[in-house]
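Everything on this sheet refers to the single structure shown next.
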Amino acid sequence: MNERINARRATVEDHAMVTAIVAAAFEHDPLWSRALSRPDGTTGHHTAFWAEFVAGALGHHWTWISDGDQAVAVWIPPGADELTPEGEERVTALAHEHLGPTAHVYLEILQRFEAAHPRREGHYYLSLLATDIQHRGKGAGMALLRHNLGLIDAQCAPAYLESSNPANDQRYATEGFQPEGTIVYPGGGLTVTNMWRPARAGLALGRES
């Protein structure tokens, strides 16, 4: 299904809105809810972490928002870094501030993501895909993903993502992503699937606005 949707590039003015959608969407994610957990069970600190990743991506002008702010897709384009050195320092500081004795586990996960990231050719990296909680279950997130993949296909570029929720693996596979490895949570118990989508000719051009 290649329906066209309206989507726009996010700007720095959208930082708070994009961060809020991401934080709410990943609050109960199998991986990140555990990695960011605190003994008191609170989750308010999650926003500060996601804010750093959103801020890093916004500088590359490839974060997308679907019409009506229904979903957001945070991409890192070829050759760009997910975080600046300053952003990495702030994330490390946040981990020690908010996670205490388990900070090393969260930071180890980030290191494992980095180590597993393919470097064989330039590609678009889907850092985060999130749907506003009021629009979940309506296909908004996947529609935005298809829009973005149309633009990527127009450039004949590959794409990469990590699926932190096994329930999403098949959805990504339907859009052409192929499993090519895993990342194991420190100590075991959770596995993240790395997925690669080979470059293809522009078969389903998205509409950029």
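Any read-out appearing in this document is the output of simple, stated calculations on the displayed coordinates, not a laboratory observation. The structure presented is a predicted model; accordingly, all values stated were derived computationally and were not measured. Neighbour counts are summed over all protein chains in view; Cβ atoms, including those assigned to glycine, are modelled from backbone coordinates with ideal geometry.
In table form, for the structure just shown:
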quantity	calculated
About the Cα centre, charge dipole magnitude for the stretch 10-140 (Lys/Arg +1, Asp/Glu -1 at Cβ), debye	420
Kirkwood Rh, Cα atoms: Rg over Rh of the stretch 101-156	1.11
Pair Ala115, Glu97: separation of 7 Å Cα→Cβ label points (nm)	2.8
FRET efficiency for His104 and Ser33, using Cβ-Cβ distance with R0 set to 22 Å, rounded to 0.05	0.75
Volume per residue that the Cα convex hull of the chain spans, once the total is divided by residue count, Å³	118
Cα shape, the stretch 88-197, gyration tensor, a/c 1.5 rule	prolate
Loop trypsin sites (Lys or Arg not before Pro), the stretch 60-128, which have at most 11 other Cβ atoms in a 10 Å radius of their Cβ (DSSP)	Arg119, Arg120
Percent RCO, i.e. relative contact order, over the chain, from Cα pairs under 8 Å lying at least 6 residues apart	26
Thr43-Gln178 FRET efficiency (beta carbon distance; Förster radius 35 Å; 0.05 resolution)	0.60
In Å, descending, principal axis extents of the Cα set of the stretch 7-62	37, 18, 15
R0 of 41 Å, Cβ-Cβ distance Asp67-Thr191: FRET efficiency to nearest 0.05	0.75
